[in-house]
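Computed from the coordinates by the stated procedures, all read-outs in this text should not be read as laboratory data. Predicted model only: the values in this text are computed from it and were never measured. Note: ideal-geometry Cβ built from the backbone for every residue, glycine included; neighbour counts use all protein chains shown.
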Number of protein chains: 2
Amino acid sequence: MNGVDLKNRLSVPSSLRETIEARSQTRELVIGPDEHSPCLIGYDVSYFERIEARLEDEFASDFGPGRSLKSRSVFGATEHLKYDDNGRIILSPLMREMGEIGTQVLFMGLGHYFEIWSPEVFLAQEGQDPRVLKLVKALVAGRAQ
Amino acid sequence: MNGVDLKNRLSVPSSLRETIEARSQTRELVIGPDEHSPCLIGYDVSYFERIEARLEDEFASDFGPGRSLKSRSVFGATEHLKYDDNGRIILSPLMREMGEIGTQVLFMGLGHYFEIWSPEVFLAQEGQDPRVLKLVKALVAGRAQ
DNA sequence: TGAATACCCACGAAAGCCCATGCTATCCCT
DNA sequence: AGGGATAGCATGGGCTTTCGTGGGTATTCA
């Protein structure tokens, strides 16, 4: 669990940076609001470009105003962020608002992408896996990382 | 039976390391709380990459609520751990809590995965195989390896 | 010119790295 | 068969590096 400081800086966990750099050869990531949950969703650049391409294909073969358009609007609200020499990004107030992010932040790796949560918001969600809930509760209670 | 030391280090049995490296070509493993029993469950990383690939196939460019929930339950409570040159991992206090692990640890190979138990917790479980129980009792009593 | 961003250094804690020590199992030799 | 050397394993301790974080200073841009 990492903190957002007074300058809106946020350390990206080193393990996450490692996989990002392995996958996209950049010190850069893409984040945006999640469409369904009160959190942010993030990708490495190369994966994000693949998603964009797939949506582009869908859109090309479907001229109706459907799911594609909605998804595009979501992806349009993303930010490309480079992290600095200390591995920190600057989390804009807009992003913090959209992700309901306070002062503490939880990075959750989910395979090809990751989510950024306020721990408290996560605990208030319905239908999460009980093991994950227990783990996050322990984190919030301050028992180690 | 192996011990967790003051730095939370834990030796992974060399036989287990051998099969892990044979299966995934890495000195790395994945552990998480078991869904049904008070212990930890562990896999070699190739197992997890298969799960990841399945999720990717199943959902493709669909980032609906189903995908997130499933991904969180699969990835949210697990840790990827590299072991060092002496074959030791660091077992975080969090994982120890989730698996009810104290200072002594029992690795149990179960085919394509393995479990990590506190011996005492294991003995307190109902419905174990009597032969295994006898073996674990002997281990706890300090006889045999 | 003021605010936001980039760049730089510093510190405490955690994790990684290397070497040393028992201990056990195995081998080998006469 | 017995006994000594050998190698691998689990473990302990100390040193070094990295990580997350706070704070300062320069630079950019409207």
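Were the residues from A:Glu126 through A:Ser92 laid out at 0.36 nm apart, the gain over their Cα-Cα distance would be 9.5 nm. A straight chain from A:Arg17 to A:Ala53 at 0.36 nm per residue would run longer than the Cα-Cα distance by 10.6 nm.
Close amide H pairs (under 5 Å, H built 1.01 Å from N) link A:Cys39 with A:Asp34, residues at least 5 positions away or on another chain.
Pairwise Cα separations in chain B fall into 5 Å bins from 0 onward with the following percentages, short to long: 2, 9, 18, 21, 18, 15, 9, 5, 3, 1, 0, 0. Checking the cross-link pairs A:Lys134/B:Lys82; A:Lys137/B:Lys70; B:Lys7/B:Lys70; A:Lys137/B:Lys82; A:Lys82/B:Lys82 against a 30 Å limit on the alpha carbon distance flags B:Lys7/B:Lys70 as lying beyond it. Residues in the stretch A:103-109 carry Karplus couplings, in order, of 9, 10, 9, 10, 8, 10, x Hz; the curve used is 6.51 cos²θ - 1.76 cosθ + 1.60 with θ = phi - 60°, and Gly or Pro positions show x. With a simple spin-label model that places each label point 7 Å from the Cα along the Cα-to-Cβ direction, the separation between B:Lys7 and A:Asn8 comes to 4.1 nm.
Under the rule that an exposed site lies in a DSSP loop and has at most 12 other Cβ atoms within 10 Å, name the longest stretch of chain B with no GluC sites (Glu not before Pro) of that kind, not counting the sites themselves. Longest site-free region, per DSSP loop and neighbour criteria: B:36-125.
In chain B the longest region clear of trypsin sites (Lys or Arg not before Pro) that are loop-assigned by DSSP and have at most 11 other C-beta atoms within 10 Å covers B:8-142.
Exposure proxy ranking for B:Leu133, B:Leu91, based on other Cβ atoms within 10 angstrom of each Cβ and starting from the fewest, stands as B:Leu133, B:Leu91.
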